[in-house]
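Undergrad: One structure, as structure tokens, below. Some questions next.
The values are calculated or read from the model by the stated rules, or taken from the named source; none is laboratory data. A quick note: this is a predicted structure, and the numbers were derived from the prediction, not measured. For neighbour counting, all protein chains shown are included, and Cβ atoms are generated from backbone atoms with ideal geometry for every residue, glycine included.
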Amino acid sequence: MTAAAHPLVRSASRWGRRALGFGLPGFVARRVLWGLLTLFLVSIVVFAATAVLPGDAARAILGRNATPAALAALRNQLHLGGSVFQEYSQWLSHFARGDLGVSLASRENVSTFLSHRVENSAFLMLLAAAIGFPLAIVLGAISARRRDSAFDHVSSIVMFVLAWLPEFVVAIVLVVVLGTTVFTVLPPVSFFPPGDPPWDHLKELVLPTLTLVIAVAPYTARMLRASLVEVLESDYVEMARLKGLSERTVVWRHAVPNALAPTIQVIALNFAYLIGGIVVVESVFNYAGIGSALVQAVQNRDVPVIQAITLLVAAVYVVLNIVADVAAILVSPRARTSLR
Amino acid sequence: MTVVEVSALRVEVAGQRADIVDDVAFSIDAGDVLGLVGESGSGKTTVGLAMLGHTRRGTKIAAGQVRFDGHDLLKMSPQQLRALRGKSVSYVPQDPSAALNPALRIGKQLQETLVAHGYGDSRREREARLGEMLEEVALTDDPSFLKRYPHQLSGGQQQRIALAMAFACRPRLIVLDEPTTGLDVTTQAHILETVRDLCATRRVAALYISHDLAVVANLANRVAVMYAGRIVELGPENALFNAPAHPYTRRLIEAIPDISGQHAVKGIAGSAPAPGHRPSGCFFAPRCSFAIDKCQLEFPSPANVSMGHAVRCHRHEDVRAATLLERSAATPWRAVDSKQALLEVHSVGAGYVNGPVVFDVNLSIQPQQCVALVGESGSGKTTLARCVAGIHRHATGQMALAGRPLPFDARRRDPDTRRRIQYVFQSPYTSLNPRKTVGRLVGQPLRLFFELTAREEYERVERALDRVALTSAVVDRYPHELSGGERQRVAIARALVADPALLICDEITSALDVSVQAAIVDLIGELQREMELGLLFVTHNLALIRTIAETVAVMSKGRIVEYGTVEEVFSSPQAPYTQSLLADTPSLGRTLAATDDLSEHT
Amino acid sequence: MSVVLPGTLPGRRRRRPLTLLTLRAGGQARVRIGVALVVFMVALVLLGPLFAPHSPSAFVGLPFAPPSGHVLLGTDFLGRDVLSRVLWGGRSILELSLAAAGLGLALGTAIGLIAAYSQGLLDSLLMRGMDVILAFPAIVFALLAVATVGPKLWLLVIAVGLSHTPRVARLVRGASLDVVNRDFVYAVQAMGEPTRKILLGEILPNIAGPLLVETSLRITFSISLVAALSFLGFGLQPPAADWGLMINENQTGLTIQPWAVVAPILCIALLTIGTSLIADGLARALAGIDRAAES
């Protein structure tokens, strides 16, 4: 029986299948290759936006009164001069070798400049994810099991409104309520000396984490509820009940395994959203991460920093998607076997 | 011994007073099969699920009893019900591809019923039982087979797994909900055989739900006919089919085409009322030719016509008196002999990305001739029909329309060629754009092929609707406001309005209920004669073509394996495939004739 | 032969499916509240300047003066009237986010429709191109755009619009894939209807429901993103009156004069709550209609 291609598998071209083989390794190889291609295209977009489009990037950065010597030095640093292709390939090869250049604003090496910020952002994101996603799974599961109950109705509407409130609105409301005006129990900014590990400043992390949790958990819960309801209403769950299986078996053996793949995908999607969320949240709380660094870099036209951060963010997104796709296929026999 | 007794069962739409089924009562003895027959929406499945104390979301059991072994199943606690389900009362679903868990290996799914009900003391005993179960349904218990996932099995194998699962704990009652729908006739014949054997040898009481009278006649001892949520007639299979006492049963029998005899099928006009829209008197009265004033006022209570044969009809005596099966013979017609074929298909092959499905097919249709193309699902018949219609482009070979070459791609045909070939699709639920009114749908070919004023266009639309027996009141309706039969009429009107020379009908009745199906076939036959159409009638239903076609091409695995006049093919089929197809098709006439013989001898 | 039309639907008014959706959505309390909020906020934005007690740029008191009879919501960091600036400051956000949502919806719908209908190489190319934009979170994409030539309003509209595009395209493609292989599309193909008419006349009306829900979500998200960008200082530039900018400028005085921040925050919150309530109601109505159509 040739079942139609499973939606998780996406239609791989016949070429891709022949070139990279069948089965899971072939699938992973195709996904990674496509990820690299996406990153390559992303790098073109980034380079075009920061170094080509504005015309003379060096003059745009240094302003009208720049000396010719300063302009030449900057052009050299940004790998400008020569044809667009030469500029791009030079830039890319430096980047690929880990040479991210020197920040124009801080005169620091970009990789040193970013290292502890990356650490800070990653910690904040993972903290928010570690709290937000389990919470979302619990909320989603309860709403789905108690579908159309009062809890379901109230939580669904509250979650929807919270999900679509802008992060900075949530952040500032939290600051006003818990940090400055109504109660003053938590620090309204999350600034601490650079180089300090973020886990030594958990109190400063409460508000930004809470903001991010409110930004992703409700939406994740709602999406999960929808996929769980679909599974719980399926014929095979009804059939399991008609076979006289205990409710525990019905839920854990028949419903949960089928809910895993959609759950993984929903979480991956919202994790990606979290990456965008830190830009605003870090700026509101003055938290030293890559999000606030990006905002400052754009304000200062600090091209090497912008390039590094945007590429990093895109790379994280691409990797995240590959991991999620492969994981979703591993937990879904139907998709897994259709790879063969 | 009575295994189950249902009385006064009423299931409602939750939160409303509207009933889905009401006043349902029957009993089934050990070893007996009760056939529950009805059209879609009549409440068959609702009754079937109530036998396990289960209701679908949004419905609730409002009254009645389901006594199993003397205990009312509907009063049991969830724990008691759970102990019963799958063990003493089991269920075979309509669509096993959806009812088997896609994430669990089939071995596991078979085992867990045994484990849940503590069947067998050891793993070895359960494995032995598993082997037995699989043998009973003619499947292997090879470990590599048990390791497969449901989607790695064919539809027939999936249904066998569901059967094995249902019989696993040796239940005393089994509910089979249209278990053969969607299977081809040969697989269906095997499944029915298995069900019959298992019920007889294990003394299981079975409720067999189906819309197919022939299948039920073949399998059941007794039959209950449901209409709009009520059992309108219940009796021994033989008595019920030979001397129906309810007008609905009578019309239903007339409506099914049968391969055993040549007769025109007669449809039932109108459609069954939905829950919440049911009239005050007899629900069938609006469609009934026997109806009198009393029928409009009072819902008839059950009356016994003979031993174990009850009916809900005020006029059952007159109905029984009226001779049944006074069927008019079908009127075959001959094509005009013409020097030039209307359509010629020459060594056409076609396929999809996965591979070819049609190989080297030759076919010709004379003007005004009806050629039936018969085959099971996957035989390539629809692909071939779509090639002719110009909507399947991955094809090789030649086609010609009235002597002129016919490209495969509709976009490369000239407008007049496109106009002359019209296509009616299988499902009127997908072939009409739900966002357009009937008037715009039927008018669409006119706007493409003719230059008409608004007034002329409206008149032609009206005429086309009139031809398919719809009033012009439907012009500003949307498809979802019409019944399935009405939608298919709209689709036919859309084809006719273009004034075609060749009409392709692709399984046009298979998405419709029997009573509606007959009316549509009637209509097509009539139109073909009146409008002098060449007709390519594609179907999987052998019985259907006897009443409409004169020439038949039987297709199997992408090739035409038999070609001849309907008479020849039915009386002396040459290809082994055609022979088995004819033998496996359930036939009401044949079953009744067989039981008559039997009763004469005893 | 008799007329088959059932007589069971007398007096039932016939309604276009989209009208039905709107009516069903309108029957829900949440949608009514949402519509009321949106109408109120839009009225405030459009008519607000007429009722502003002061000029938005006039210095009427000390910086961060608390509310008084003279300045109902106090003053901002330069001593301008907060109430007047709030009444003036919504127009830019509303215009920019509507323009961006419109751009993203138009572009995304076109790409999604073409991708779903073509189904071959073109489909892959278009959707993988969309993947490239998707690799940037929306706000990062907008910041990258700002990095090119600085905070220009047209650039903001294009960047926010483009960041919507792949998400709309995915939705439209997904919804259209359910439609493009339905028989009624083949039916008009066989009649020879041109592709443009098939896309716009046959397929688009059938995805109008999901598209309507997506429209309300995209507007919500646009408001949120445009406000965030102007909060970060990449939207309207001082001394313009703009909600996002106001929050940015007055954040330092949060402890002394919270109203200068809370008032614009409240406006943005009410607006997005309004639009998201409408979106939720539409989505529910749509799901209900789909479920009814299945049975």
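Undergrad: Residue C:269 - would you say it is free of Cβ contacts under 8 Å to residues at least 12 places away in the same chain and surrounded by 23 or more Cβ atoms within 10 Å (Cβ to Cβ)? Outline the logic, then answer.
TA: Values: free of Cβ contacts under 8 Å to residues at least 12 places away in the same chain: yes; surrounded by 23 or more Cβ atoms within 10 Å (Cβ to Cβ): no.
It is false that residue C:269 is free of Cβ contacts under 8 Å to residues at least 12 places away in the same chain and surrounded by 23 or more Cβ atoms within 10 Å (Cβ to Cβ).
Undergrad: For residue C:287, are the conditions met, namely being in contact with a helix residue (DSSP H, G or I) (Cβ under 7 Å, 6 or more places away or on another chain) and either more than 8 Å from chain A (Cβ to nearest Cβ) or not acidic (Asp, Glu) (or both)?
TA: On the way: in contact with a helix residue (DSSP H, G or I) (Cβ under 7 Å, 6 or more places away or on another chain): no; either more than 8 Å from chain A (Cβ to nearest Cβ) or not acidic (Asp, Glu) (or both): yes.
Considered against the rule, which asks whether it is in contact with a helix residue (DSSP H, G or I) (Cβ under 7 Å, 6 or more places away or on another chain) and either more than 8 Å from chain A (Cβ to nearest Cβ) or not acidic (Asp, Glu) (or both), residue C:287 comes out as no.
Undergrad: Another question, if that's okay. What number of residues within segment B:39-81 satisfy the criterion of being at negative phi and either part of a strand (DSSP E or B) or under 26 Å from the mean Cα position of the chain (by Cα) (or both)? Lay out the reasoning, then the answer.
TA: As a first pass, look at segment B:39-81 and keep what is at negative phi: B:39-40, B:42, B:44-52, B:54-57, B:59-63, B:65-68, B:71-81.
So of that shortlist, the ones also either part of a strand (DSSP E or B) or under 26 Å from the mean Cα position of the chain (by Cα) (or both) come out as B:39-40, B:42, B:44-52, B:54-57, B:59-63, B:65-68, B:71-72.
The total comes to 27.
Undergrad: Enumerate the pairs (first residue in segment C:230-259 and under 13 Å from residue C:86 (Cβ atoms) and within 12 Å of another protein chain (Cβ to nearest Cβ); second residue anywhere and in a helix (DSSP H, G or I) and among the aromatic types (Phe, Trp, Tyr)) with beta-carbon separation below 7 Å, excluding pairs fewer than 6 apart on the same chain, so at least 6 apart or on different chains.
TA: Pairs that qualify, where the first residue is under 13 Å from residue C:86 (Cβ atoms) and within 12 Å of another protein chain (Cβ to nearest Cβ) and the partner is in a helix (DSSP H, G or I) and among the aromatic types (Phe, Trp, Tyr), are C:244/C:231; C:247/C:231.
Undergrad: Return the residue satisfying two criteria in turn: it lies in segment A:309-335 and is part of a helix (DSSP H, G or I) and in contact with a His (Cβ under 9 Å, 6 or more places away or on another chain), and of such residues it is farthest from the other protein chains (Cβ to nearest Cβ). Quick ask: steps written out before the conclusion?
TA: Of the residues in segment A:309-335, the ones part of a helix (DSSP H, G or I) are A:309-330, A:333-335.
After this cut, where a residue has to be in contact with a His (Cβ under 9 Å, 6 or more places away or on another chain) as well, the list is A:329, A:333-335.
Numbers: A:329: 13, A:333: 5, A:334: 5, A:335: 10 Å.
Filtering segment A:309-335 for residues that are part of a helix (DSSP H, G or I) and in contact with a His (Cβ under 9 Å, 6 or more places away or on another chain), the one farthest from the other protein chains (Cβ to nearest Cβ) comes out as A:329.
Undergrad: Among the listed residues C:279, C:208, identify the single one that is closer than 30 Å to residue C:115 by Cβ and in contact with a Phe, Trp or Tyr (Cβ under 8 Å, 6 or more places away or on another chain).
TA: Values: C:208 fails: in contact with a Phe, Trp or Tyr (Cβ under 8 Å, 6 or more places away or on another chain).
The match here is C:279.
Undergrad: If I ask for residues that are surrounded by fewer than 20 Cβ atoms within 10 Å (Cβ to Cβ) and either more than 7 Å from chain C (Cβ to nearest Cβ) or not β-branched (Val, Ile, Thr) (or both), which ones from segment B:470-482 would you list?
TA: Kept after step one, since they are surrounded by fewer than 20 Cβ atoms within 10 Å (Cβ to Cβ), are these residues of segment B:470-482: B:471-473, B:475-477, B:480-481.
Once the filter is applied, which keeps residues that are surrounded by fewer than 20 Cβ atoms within 10 Å (Cβ to Cβ) and either more than 7 Å from chain C (Cβ to nearest Cβ) or not β-branched (Val, Ile, Thr) (or both), segment B:470-482 yields B:472, B:473, B:475, B:476, B:477, B:480, B:481.
Undergrad: Are any residues in segment B:462-481 more than 24 Å from the chain's Cα centre (by Cα) and in a helix (DSSP H, G or I), and if so, which ones?
TA: Listed by number, the residues that qualify are B:462, B:463, B:464, B:465, B:466, B:467, B:472, B:473, B:474, B:475, B:476.
Undergrad: Next question. Is it the case that residue B:150 is at pLDDT 90 or above and not charged (D, E, K, R)? Lay out the reasoning, then the answer.
TA: Details: at pLDDT 90 or above: yes; not charged (D, E, K, R): yes.
The answer is yes for residue B:150.
Undergrad: Of the residues C:106, C:115, only one is surrounded by fewer than 22 Cβ atoms within 10 Å (Cβ to Cβ) and either within 25 Å of residue A:34 (Cβ to Cβ) or free of Cβ contacts under 8 Å to residues at least 60 places away in the same chain (or both); which?
TA: C:106 is the lone residue from the list that is surrounded by fewer than 22 Cβ atoms within 10 Å (Cβ to Cβ) and either within 25 Å of residue A:34 (Cβ to Cβ) or free of Cβ contacts under 8 Å to residues at least 60 places away in the same chain (or both).
Undergrad: Output the qualifying pairs, or none if there are none: Cβ atoms under 7 angstrom, residues six or more apart or on different chains, first residue in segment B:139-153 and in contact (Cβ under 8 Å) with a residue 40 or more places away in the chain and within 11 Å of chain A (Cβ to nearest Cβ), second residue of a type in the set (A, V, I, L, M, F, W, C) and assigned to a loop (DSSP other than H, G, I, E, B).
TA: What qualifies is B:150/B:100; B:151/A:3.
Undergrad: Let me ask something else. Which one is farthest from residue B:557 (Cα to Cα), of the residues in segment B:383-413 that are outside any loop (DSSP other than H, G, I, E, B) and at the interface with another protein chain (Cβ under 8 Å from one of its Cβ atoms)? Quick ask: steps written out before the conclusion?
TA: First pass over segment B:383-413, keeping only residues outside any loop (DSSP other than H, G, I, E, B): B:383-389, B:395-401, B:404-405, B:410-412.
Still in the running and at the interface with another protein chain (Cβ under 8 Å from one of its Cβ atoms): B:386, B:389, B:410-411.
Values: B:386: 17, B:389: 21, B:410: 26, B:411: 29 Å.
By that ranking, first place goes to B:411.
Undergrad: Just to be sure I understand, how many residues within segment C:257-279 are touching a Pro at 6+ places or on another chain (Cβ under 8 Å) and among the β-branched types (Val, Ile, Thr)?
TA: Of the residues in that region, 2 qualify.
Undergrad: Let me ask something else. Which is surrounded by fewer than 24 Cβ atoms within 10 Å (Cβ to Cβ) and not charged (D, E, K, R), of A:311, A:294?
TA: Values: A:294 fails: surrounded by fewer than 24 Cβ atoms within 10 Å (Cβ to Cβ).
Selected residue: A:311, the only one of A:311, A:294 that is surrounded by fewer than 24 Cβ atoms within 10 Å (Cβ to Cβ) and not charged (D, E, K, R).
Undergrad: Continuing with this model, one more query. Going residue by residue through segment B:582-593, is there one that turns out to be in a strand (DSSP E or B), modelled with pLDDT of 85 or more and either of a type outside the set (Lys, Arg) or under 18 Å from residue B:188 (Cβ atoms) (or both)?
TA: Residues of segment B:582-593 that are in a strand (DSSP E or B), as a first pass: none.
Within segment B:582-593, not a single residue is in a strand (DSSP E or B), modelled with pLDDT of 85 or more and either of a type outside the set (Lys, Arg) or under 18 Å from residue B:188 (Cβ atoms) (or both).
Undergrad: Out of B:456, B:462, B:451, which single residue is on the phi < 0 side of the Ramachandran plot, more than 10 Å from chain C (Cβ to nearest Cβ) and buried (at least 16 other Cβ atoms within 10 Å of the Cβ)? Can you show your working first?
TA: Values: B:456 fails: buried (at least 16 other Cβ atoms within 10 Å of the Cβ); B:451 fails: buried (at least 16 other Cβ atoms within 10 Å of the Cβ).
Going through B:456, B:462, B:451 in turn, the sole match is B:462.
Undergrad: I've got another one for you. Which one of B:561, B:566, B:552 is hydrophobic (A, V, I, L, M, F, W, C) and surrounded by 23 or more Cβ atoms within 10 Å (Cβ to Cβ)? It would help to see each step written out before you state the result.
TA: Values: B:561 fails: surrounded by 23 or more Cβ atoms within 10 Å (Cβ to Cβ); B:566 fails: surrounded by 23 or more Cβ atoms within 10 Å (Cβ to Cβ).
That would be B:552, the only listed residue that is hydrophobic (A, V, I, L, M, F, W, C) and surrounded by 23 or more Cβ atoms within 10 Å (Cβ to Cβ).
Undergrad: Another question, then. Return yes or no: is residue A:121 among the hydroxyl-bearing types (Ser, Thr, Tyr), part of a helix (DSSP H, G or I) and surrounded by fewer than 21 Cβ atoms within 10 Å (Cβ to Cβ)?
TA: Against the criterion (among the hydroxyl-bearing types (Ser, Thr, Tyr), part of a helix (DSSP H, G or I) and surrounded by fewer than 21 Cβ atoms within 10 Å (Cβ to Cβ)), residue A:121 does not qualify.
Undergrad: Before we move on, is residue B:59 more than 9 Å from chain A (Cβ to nearest Cβ), out of contact with any helix residue (DSSP H, G or I) (no Cβ under 6 Å at 6 or more places or on another chain) and under 15 Å from residue A:241 (Cα atoms)? Full working, then the answer.
TA: Values: more than 9 Å from chain A (Cβ to nearest Cβ): yes; out of contact with any helix residue (DSSP H, G or I) (no Cβ under 6 Å at 6 or more places or on another chain): yes; under 15 Å from residue A:241 (Cα atoms): no.
No.
Undergrad: While we're looking at this one, here's another question. Which one of A:115, A:121, A:103 is among the small types (Gly, Ala, Ser) and in contact with a strand residue (DSSP E or B) (Cβ under 8 Å, 6 or more places away or on another chain)?
TA: Working: A:115 fails: in contact with a strand residue (DSSP E or B) (Cβ under 8 Å, 6 or more places away or on another chain); A:121 fails: in contact with a strand residue (DSSP E or B) (Cβ under 8 Å, 6 or more places away or on another chain).
Only one candidate passes the filter, namely A:103.
Undergrad: From the list C:20, C:87, C:37, pick out the single residue that is surrounded by 15 or more Cβ atoms within 10 Å (Cβ to Cβ), within 18 Å of the chain's Cα centre (by Cα) and among the hydrophobic types (A, V, I, L, M, F, W, C).
TA: Numbers: C:20 fails: within 18 Å of the chain's Cα centre (by Cα); C:87 fails: within 18 Å of the chain's Cα centre (by Cα).
Only one candidate qualifies: C:37.
Undergrad: Here's something else I'd like to know. Going by the conditions given, is residue A:131 over 24 Å from residue C:269 (Cβ atoms), hydrophobic (A, V, I, L, M, F, W, C), more than 14 Å from every other protein chain (Cβ to nearest Cβ) and assigned to a helix (DSSP H, G or I)?
TA: On the way: over 24 Å from residue C:269 (Cβ atoms): no; hydrophobic (A, V, I, L, M, F, W, C): yes; more than 14 Å from every other protein chain (Cβ to nearest Cβ): yes; assigned to a helix (DSSP H, G or I): yes.
So residue A:131 fails the test.
Undergrad: Could you list, in sequence order, the residues of segment B:82-133 that are more than 11 Å from every other protein chain (Cβ to nearest Cβ), over 20 Å from residue A:257 (Cβ atoms) and assigned to a helix (DSSP H, G or I)?
TA: B:123, B:124, B:125, B:126, B:127, B:128, B:129, B:130, B:131, B:132, B:133, listed by residue number.
Undergrad: Moving to a separate point now. When you check residue B:404 against the structure, is it touching a residue at least 12 places away in the same chain (Cβ under 8 Å) and in contact with a Phe, Trp or Tyr (Cβ under 9 Å, 6 or more places away or on another chain), yes or no? Give the steps one after another, and end with the answer.
TA: Numbers: touching a residue at least 12 places away in the same chain (Cβ under 8 Å): yes; in contact with a Phe, Trp or Tyr (Cβ under 9 Å, 6 or more places away or on another chain): no.
So residue B:404 fails the test.
Undergrad: So which helices (runs of 4 or more DSSP H) stay within segment A:165-248 end to end and still have 1 or more residues that are away from every other protein chain (no Cβ under 11 Å) and within 19 Å of residue A:290 (Cβ to Cβ)?
TA: Numbers: elements: A:167-174, A:202-232, A:235-242.
In segment A:165-248, the matching helices (runs of 4 or more DSSP H) lie at A:202-232.
Undergrad: Limited to segment B:414-461, what total is found for residues that are in a loop (DSSP other than H, G, I, E, B) and touching a Leu at 6+ places or on another chain (Cβ under 7 Å)? Please lay out each step first, then the result.
TA: At the first step, the residues of segment B:414-461 found to be in a loop (DSSP other than H, G, I, E, B) are B:414, B:425-437, B:450-453.
Then drop every residue that is not touching a Leu at 6+ places or on another chain (Cβ under 7 Å), which leaves B:432-433, B:452.
Number satisfying all stated conditions: 3.
Undergrad: Please state which one of C:242, C:280 is under 20 Å from residue A:159 (Cβ atoms), crowded, with 24+ Cβ neighbours inside 10 Å and among the charged types (D, E, K, R).
TA: On the way: C:242 fails: under 20 Å from residue A:159 (Cβ atoms).
Result of the check over C:242, C:280: C:280.
Undergrad: Got a number for residues in segment A:249-263 being more than 9 Å from every other protein chain (Cβ to nearest Cβ) and either under 14 Å from the mean Cα position of the chain (by Cα) or among the polar types (S, T, N, Q) (or both)?
TA: Counting residues in segment A:249-263 that are more than 9 Å from every other protein chain (Cβ to nearest Cβ) and either under 14 Å from the mean Cα position of the chain (by Cα) or among the polar types (S, T, N, Q) (or both) gives 1.
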